[in-house]
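Every number here is computed from the coordinates shown, using simple stated rules; none is lab data. From a predicted model like this one, the values you see are computed outputs, not experimental measurements. Virtual Cβ from ideal backbone geometry, glycine too; neighbours counted across all protein chains shown.
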Amino acid sequence: NNARCCMFMVTGKEKHQVLSRALNLLAEPELPAQFVRPRLGELLWIVDEGAARG
């Protein structure tokens, strides 16, 4: 959380369900990716169409 930039790259339709869970800001955090919250830096998600649409 002290990094200047953190990036997640998600590819493939088989990752859609986990990606949806990881991006659910209203849910109680349970996945490691949900605990990444840079204080002063950027958080980037690079997602292909398969992962985005399922």
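Quick notes
- Subset of the chain [in contact with a Lys or Arg (Cβ under 8 Å, 6 or more places away or on another chain) and aliphatic (A, V, I, L, M)]: A27, L31, L40, L43, A51
- Qualifying residue in segment 37-50 (condition: surrounded by fewer than 13 Cβ atoms within 10 Å (Cβ to Cβ), touching a residue at least 12 places away in the same chain (Cβ under 8 Å) and among the basic types (K, R)): yes
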